[in-house]
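Trainee: Structure in C-alpha cells, see below.
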Amino acid sequence: MAILSQNEKRVLDIIQADPFITQQDIADELDLNRSTVATLISGLVSKRIIKGRAYVVNKEPDIICIGGMNVDRKYVIQGNMVPETSNPVSSTLSIGGVGRNIAENLGRLEEEVTFLSVAGYDHDYEWIKEQTESFVNMDNITQLKDVSTGAYSAILDHEGEMQLALADMSINDQMDLAWIKQQIALLSAAKMIIIDLNLPKETVNYIIQLSKSKEIPLIVVPVSSPKMNRLPRDLQGVDTIIVNLDESMTFFDIPVDEDCDPDELIDLWLSTGIKQVVLTSGSRETLYGHHDGVRASFQPPQVPQVIDVTGAGDSFVGGFIFGQSQDYDYEDSVKLALTNSYHTIQSDQTVRLNLSRTTIIEEKNELF
C-alpha cells in the first residue's frame, strides 16, 4: 500500500466507517477546512486507495459556473529578440480562464461548485483537471474529439513587454445552444449560476431566459471589451453584473475618448433590467448600484507591492459571489471582493493558495 500521511489515514478511517459521508462532515469531525479534506481525498484517489468521488457524496452543488478554461504559457526572451531563429527564453506555465478561475476561488472558499465547460482529449486538460478538481466538481466537463483545450501563449521581452501573443480559444464556440440544453437539469437545480462571456451569444441568451423563468440568481462576468457584443440589450433575468469601466463604455457605445461619469453608467446598466451592478475601475473607486435606488462607492485599499495582476478581476468576482452566497449584504460582499483582489495581486498565483473561508473573513476585518 502507498505511504499515507497522518491526515490521509484519518480521512480514510472515516470513509471506511461511512462511505456516504459528506466532505463537510469529514471536515467538521477532523476540525479541518472542507478544501483541505477535498485535497486529502484527491490524494487518496491518486494513490488508488479509494476509487474516486463516489466514496464521498457531496451535497448537490449550489453554484454552477459556466465559461472558459485554458493553459497559459509565457516566454521571456533572454536578451534582444532575433527574428527567424531560435531565441533562448525562460518560461512559465499556469492555468487560466475566467470561469475556471472564479470556480476555483469559490471552491477554496468552501462553496460547492460545479464547473461547466468544454475541453479536448489532451494533456492540457488533464493538467487543468488535476489542479482544479480538489476544489471544483469537474464531472460535467464535455471533452470533444479533434479540438484542443483552450491555450494562450505570450512572448515577452526581457523588460516584460509583450512582443507577440497567440490565443487558441476556438473551442469555446462549442458551448453552443445544443450543448447548454443538455445541462438543463443541472442548471434548473442550481441555487446560483455564473457565466463568463466566452460563451456564444445564443448560449448567453438561453441562460438568461432560463434563469428568469426558474428565478435562479444569474451573475454575468464579462471577459473583455470585444466580447460585450455577446450580451443582449434586454437584461431582465440577470441578477448581477460585475463589469469594468471600459467594458461598460463599449456596451453602451460610448467613445473611449469621451469623458464618462461612472454614476451615469450605473444608471444605464440598471435601465437594462439588471437587479444590481458592481462597476470596477482599477485602483479608483468601485461603485455599486441596485435597482431599488441604493448607491455606494468603495475605495480599494492601497496595495504595498503588486506582484501579478492576472487574477485580480476573477478573485474580486469570487469574493463578491462568496459574500452573496453566504447572505452578506452588498457592502460586506464588495469588501470581501476587494479583500480577495488585494491579496491575490500580491501573490504570483492566479488563484492564491492560502485562500480559505476563515482567512478571507479575517483579512476583510483587518482591511476595513
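The values are calculated or read from the model by the stated rules, or taken from the named source; none is laboratory data. Since we're looking at a predicted model, the values are computed, not measured. Glycine gets a Cβ as well: all are built from the backbone with ideal geometry, and neighbour counts include every protein chain shown. Heavy atoms of the whole protein, side chains included, go into the accessibility calculation; ligands, DNA and RNA do not. Shrake-Rupley method; radii C 1.70, N 1.55, O 1.52, S 1.80 Å.
Trainee: Over the stretch 189-319, what is the mean sequence separation of C-alpha contacts under 8 Å (at least six apart), divided by residue count, expressed as relative contact order in percent?
Mentor: 18 percent
Trainee: At 1.4 Å probe size, what's the solvent-accessible area of Met169? Round to the nearest 10 Å².
Mentor: Only protein atoms counted, so the area is about 50 Å².
Trainee: Let me ask something additional. If you count only protein heavy atoms with a 1.4 Å probe, what accessible area per residue comes out for the stretch 235-286, rounded to a whole Å²?
Mentor: 47 Å²
Trainee: Could you state how much accessible area Val98 has, in square angstrom rounded to the nearest 10, with a 1.4 Å probe and all protein chains kept in place?
Mentor: We get 20 Å² for Val98.
Trainee: Longest segment of the chain with no trypsin sites (Lys or Arg not before Pro) in a DSSP loop having at most 10 other Cβ atoms within 10 Å?
Mentor: Numbers: sites that count: Arg48, Lys51, Lys59, Lys145, Arg233.
Segment 234-368 is the longest.
Trainee: Shifting gears a bit: If each residue of separation counts as 0.36 nm, what is the full-extension length gain between Asp176 and Leu164 once their alpha-carbon separation is subtracted? Don't skip to the end; give the middle numbers.
Mentor: Details: separation 12, 0.36 × 12 = 4.32 nm, distance 2.97 nm.
Extra length available between Asp176 and Leu164 comes to 1.4 nm.
Trainee: A follow-up question, please. Could you pull the accessible area for Ser283 with a 1.4 Å probe, rounded to 10 Å²?
Mentor: 100 Å²
Trainee: Using +1 on the beta carbon of Lys and Arg, -1 on that of Asp and Glu, and nothing else charged, what's the dipole of the stretch 301-350 about the Cα centre, debye to 20?
Mentor: 100 debye
Trainee: Compare the Cα positions of Met138, Met249, Leu268 along the charge dipole of the chain (+1 at Cβ of Lys, Arg; -1 at Cβ of Asp, Glu; about the Cα centre) and return the one farthest towards the positive end.
Mentor: Of Met138, Met249, Leu268, it is Met138.
Trainee: OK, next. Counting alpha carbon pairs within less than 8 Å and at least 6 residues apart, what relative contact order, in whole percent, applies to the chain? Write down the numbers at each step before the final one.
Mentor: Numbers: 694 pairs, mean separation 46.4, N = 368.
The value is 13 percent.
Trainee: A follow-up question, please. In whole Å, what are the extents of the stretch 232-312 along the principal axes defined by its C-alpha atoms, from largest to smallest?
Mentor: 40, 28, 21
Trainee: OK, next. Among Leu144, Leu210, what's the order by accessible area (1.4 angstrom probe), most exposed first? Write down the numbers at each step before the final one.
Mentor: Details: Leu144 45, Leu210 15 Å².
These residues rank, largest area first, as Leu144, Leu210.
Trainee: Continuing with this model, one more query. How large a share of the accessible area of the chain, in percent, is made up of carbon and sulfur atoms when the probe is 1.4 Å and the other protein chains stay in place? Write down the numbers at each step before the final one.
Mentor: On the way: 8260 of 17550 Å².
The C+S portion of the solvent-accessible surface of the chain is 47 percent.
Trainee: Within the stretch 78-143, report the GluC sites (Glu not before Pro) that DSSP leaves as loop and that have at most 16 other Cβ atoms within 10 Å. Mind dumping the intermediate values first?
Mentor: On the way: sites: Glu84, Glu104, Glu110, Glu111, Glu112, Glu126, Glu130, Glu133; in loops: Glu84, Glu110, Glu111, Glu112, Glu133.
Here the GluC sites (Glu not before Pro) that fit, given the DSSP loop and packing criteria, are Glu84.
Trainee: Here's another thing I want to ask about it. Can you figure out the FRET efficiency of Ser281 with Asn229, using R₀ = 22 Å and their beta-carbon distance, to the nearest 0.05?
Mentor: Values: r = 21 Å, r/R0 = 0.97.
Using R0 = 22 Å, I get an efficiency of 0.55.
Trainee: Only four residue types carry charge here, +1 at the Cβ of Lys and Arg and -1 at the Cβ of Asp and Glu. Report the dipole size of the chain about the Cα centre in Debye, rounded to the nearest 20.
Mentor: Numbers: 29 positive and 55 negative charges, 249 e Å.
In debye, rounded to 20, the chain gives about 1200.
Trainee: Tell me the per residue accessible area of the stretch 56-120 using a 1.4 Å probe; a whole number in Å² is fine.
Mentor: On the way: 2390 Å² over 65 residues.
Ligands and nucleic acids excluded, the result is 37 Å² per residue.
Trainee: Pulled fully out, how much extra length does the chain show between Arg48 and Ser91, if you take 0.36 nm times their separation in residues and subtract their Cα-Cα distance? Present the calculation step by step, with values, prior to reporting the outcome.
Mentor: Details: separation 43, 0.36 × 43 = 15.48 nm, distance 3.27 nm.
That works out to 12.2 nm of additional length.
Trainee: Above 25 angstrom, tally the Cα pairs of the chain and express them as a % of all pairs, no decimals.
Mentor: Numbers: 38608 of 67528 pairs.
Counting every Cα pair in the chain, those more than 25 Å apart make up 57 percent.
Trainee: Grab the beta carbon distance between Ser153 and Asp246, set R0 = 30 Å, and tell me the FRET efficiency rounded to 0.05.
Mentor: 0.80
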